[in-house]
Amino acid sequence: MPIFPPTKFVLDGQEYEFIRPERVGPVEDVKSWEMGNYPKVHARVPLKPGGTVWVYAHATHWNRTQIHVQWYDDEKDSLSAWLPKEDVRPVTNSDWDIDAYNRCPEWLRVVQWGAKFEHRLPGFLPL
C-alpha cells in the first residue's frame, strides 16, 4: 500500500489542503541547489477548493519550467510541491526573519529572538 505525502497543512492557525503539482518533464532535466544553501523563497501554492496561499519555503530543485519548494507548517510538518517558476519568487533574509518572528508564539519570542536581536526586531525593524 503506497504512502502518500501530506497535502493538508496549518498556517497561521488556518487549515489548507493543497493540490500537489508533480514534476513535468524528464528527470534528467532536474537540477539541485547545494544542500544547506537552498534559496529562501515565497511560493504560491494552489489549493484544492480553488485559490492559492503564499508560503515561505526553501527552493531545493528546478527544471526548465518548475521549482520544487519545501516548507514547514505550524505543526512542523514538512510539505513540498513542484510549482511553476512564475509562482516562486526569492525573498531577503529580512523578509524571512519577519515571517519567522510573526509565526513564533508570543511567549516564545523572548527565548527564540532575544539573544539574536537584543537591540532590534527581526528584519532590521526598529524597536
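So what's the net charge close to Asp29: Lys and Arg +1, Asp and Glu -1, counting the other residues with Cβ under 15 Å from its Cβ?
Details: positive: Arg23, Lys31, Arg64, Lys85; negative: Glu22, Glu28.
That works out to +2.
Converting phi to 3J(HN,Hα) with the Karplus coefficients 6.51, -1.76 and 1.60 and the offset θ = phi - 60°, segment 35-51 yields 4, x, 10, 5, x, 8, 9, 10, 10, 8, 9, x, 9, 4, x, x, x Hz in sequence order, with x at every glycine or proline.
With the cut-off at under 15 Å, measuring from each backbone N in segment 71-94 to a point 7 Å along the Cα-to-Cβ line of Asp29 picks out 82-86. Between Val41, Val110, Val30, the Gaussian network model of the chain with springs among Cα atoms under 10 angstrom shows the greatest mean-square fluctuation at Val110. Let me know the shape class of the chain, please: from the alpha-carbon gyration tensor, a ≥ b ≥ c as square roots of the eigenvalues, rounded when a/c is under 1.5, otherwise prolate if a/b is greater than b/c, or oblate. In terms of gyration-tensor shape, prolate.
Could you compute the longest span of the chain free of GluC sites (Glu not before Pro) located in DSSP loops and having at most 13 other Cβ atoms within 10 Å, not counting the site residues? Could the numbers behind the result be given before it?
Working: sites that count: Glu22, Glu34, Glu75, Glu118.
Here the longest segment lacking exposed loop sites spans 76-117.
Once you order the gyration tensor axes a ≥ b ≥ c over the Cα atoms, which shape class does segment 14-67 get: rounded for a/c under 1.5, otherwise prolate or oblate by comparing a/b with b/c? Note, shape of segment 14-67 comes out oblate. Note on the chain: lysine pairs with Cα distance below 18 Å, sequence gap of 8 or more or different chains, count 6.
Sorted from fewest to most neighbouring beta carbons within 10 Å, what does the list Val53, Val88, Val10, Val69 look like? Before the final figure, lay out each step's value.
Numbers: Val53 15, Val88 20, Val10 12, Val69 27.
With the fewest neighbours first, Val53, Val88, Val10, Val69 line up as Val10, Val53, Val88, Val69.
Just flag the trypsin sites (Lys or Arg not before Pro) in segment 1-99 sitting in loop per DSSP whose Cβ has no more than 16 other Cβ atoms within 10 Å. Intermediate values should be presented prior to the final figure.
Numbers: sites: Lys8, Arg23, Lys31, Lys40, Arg44, Arg64, Lys76, Lys85; in loops: Arg23, Arg64, Lys76.
Passing sites in segment 1-99 are Arg23, Arg64, Lys76.
Coordinate-derived values only; no laboratory data. Keep in mind it's a predicted model, so treat the numbers as computed, not measured. Neighbour counts run over all protein chains shown; Cβ positions are idealised from the backbone, glycine included.
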